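Reviewing the structure listed below.
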Amino acid sequence: MARRRQLYEGKAKILFEGPEPGTLVQYFKDDATAFNAQKKGIITGKGVLNNRISEYLMQRLSDIGIPTHFVRRLNMREQLIREVEIIPIEVVVRNVAAGSLSTRLGIPEGTRLPRSIIEYYYKNDQLGDPMVAEEHITAFGWAVPQDMDDIVALTLRINDFLCGLFLGVGIILVDFKVEFGRLWENDEMRIVLADEISPDNCRLWDAKTNEKLDKDRFRQDLGSVEEGYREVARRRGILPEGGPADIKGPKTLQ
Ligand code: ADP
Ligand code: MG
């Protein structure tokens, strides 16, 4: 990664200029943040696991016809992606009550929702990623109604597919967050899945014990955070090949 030009450093990843126009290199860090970056820490080995898990999930979604930004994984911490125009909305899907839904509406964590619920949050760190309605999104021009139709259709397919993929290995997909972007090819625009899908932005519970295998282990100081992520990868049979030797970084400080 030495000679690459850095374009953006976010909370969990760094974007570098890619080898060809229209491509980027996404580098997965071990940094973890929660509660609008008020809580910070390092989860040693997280970047390696998230790079691999996100690669795997994007490939499986691509197999069922979901367009994604993913091109290929380059190494333990980097993947080549197509540069897209990110739609500044975090799309959250909930199947079981947890997190802010439980807090805001007083629904006990673990309650199965009557149907899957999609929520939108405006991507803006200064404002703390506030929840918004589709009305705000279209009124302020962050996306047009046709974009939203595509986003909802893709999101529901992603949710159904991932629910089954995880349930097959004894994991409940409680909720997750995705981002979409516009990809231009000649004069055609397509909405594609971008960013990452990993235990950083999914809630994943063991189906038998309800044990949390995701970033809530960090948020709630439950310990063994990396082990939770590793368990998700292990159950899908995709543990990074190299093992701990590939995982360099400071000690966990949560
Ligand atoms: P943040 O702290 O803003 O969430 P991250 O650490 O998650 O940032 O870094 C990823 C950033 O790159 C996000 O802002 C995300 O919207 C953006 N991004 C993800 N995929 C793409 C892509 N294919 N093209 C352009 N930007 C992208
Ligand atoms: Mg992010």
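The values are calculated or read from the model by the stated rules, or taken from the named source; none is laboratory data. On a predicted model such as this, the values are computed, not experimentally measured, just so you know. With ideal geometry, Cβ positions are generated from the backbone for all residues, glycine too; neighbour counts draw on all protein chains shown. These area figures cover heavy atoms from the full protein model, side chains too; ligands, DNA and RNA do not enter into them. Shrake-Rupley method; radii C 1.70, N 1.55, O 1.52, S 1.80 Å.
What are the residues in the stretch 90-115 that are of a type in the set (A, V, I, L, M) and exposed (fewer than 14 other Cβ atoms within 10 Å of the Cβ), if any?
If the condition is that a residue be of a type in the set (A, V, I, L, M) and exposed (fewer than 14 other Cβ atoms within 10 Å of the Cβ), then 105 is the only one that fits.
Can you report the number of residues in the stretch 159-216 which are of a type in the set (A, V, I, L, M) and open to solvent by 40 Å² or more (accessible area, probe 1.4 Å)?
3
Report, ordered by the first and then the second residue, all pairs with beta carbons closer than 8 Å, sequence separation of six or more or different chains, a first member in the stretch 27-38 that is at pLDDT 95 or above, and a second member that is of a type in the set (A, V, I, L, M, F, W, C) and open to solvent by 60 Å² or more (accessible area, probe 1.4 Å).
Between residues of the stretch 27-38 that are at pLDDT 95 or above and residues that are of a type in the set (A, V, I, L, M, F, W, C) and open to solvent by 60 Å² or more (accessible area, probe 1.4 Å), the close pairs are 27/1.
I'd like the full set of residues that are surrounded by fewer than 17 Cβ atoms within 10 Å (Cβ to Cβ) and either aliphatic (A, V, I, L, M) or within 16 Å of ligand 2 (Cβ to nearest atom) (or both), limited to the stretch 220-233.
222
With touching a helix residue (DSSP H, G or I) at 6+ places or on another chain (Cβ under 9 Å), at pLDDT 95 or above and within 16 Å of ligand 2 (Cβ to nearest atom) as the only criterion, which of 173, 165, 193 stands out?
Within the list 173, 165, 193, the selection yields 193.
What number of residues within the stretch 1-49 satisfy the criterion of being open to solvent by less than 80 Å² (accessible area, probe 1.4 Å), away from ligand 2 (no atom under 16 Å from the Cβ) and part of a loop (DSSP other than H, G, I, E, B)?
Within the stretch 1-49, residues that are open to solvent by less than 80 Å² (accessible area, probe 1.4 Å), away from ligand 2 (no atom under 16 Å from the Cβ) and part of a loop (DSSP other than H, G, I, E, B) number 4.
Only residues that are assigned to a strand (DSSP E or B) and either β-branched (Val, Ile, Thr) or open to solvent by 80 Å² or more (accessible area, probe 1.4 Å) (or both): list them for the stretch 116-134, please.
117, 118, 131, 132
Residues are listed down the side, and each one gets a yes or a no for (1) within 14 Å of ligand 1 (Cβ to nearest atom); (2) among the small types (Gly, Ala, Ser); (3) in contact with a Leu (Cβ under 6 Å, 6 or more places away or on another chain):
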position	(1), (2), (3)
5	no, no, no
9	yes, no, no
36	yes, no, no
46	yes, no, no
72	yes, no, yes
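I want to confirm something. Restricting to the stretch 50-89 and keeping residues that are in a helix (DSSP H, G or I) and away from ligand 2 (no atom under 16 Å from the Cβ), which single residue is most open to solvent (accessible area, probe 1.4 Å)?
So, considering only residues that are in a helix (DSSP H, G or I) and away from ligand 2 (no atom under 16 Å from the Cβ), the one most open to solvent (accessible area, probe 1.4 Å) is 63.
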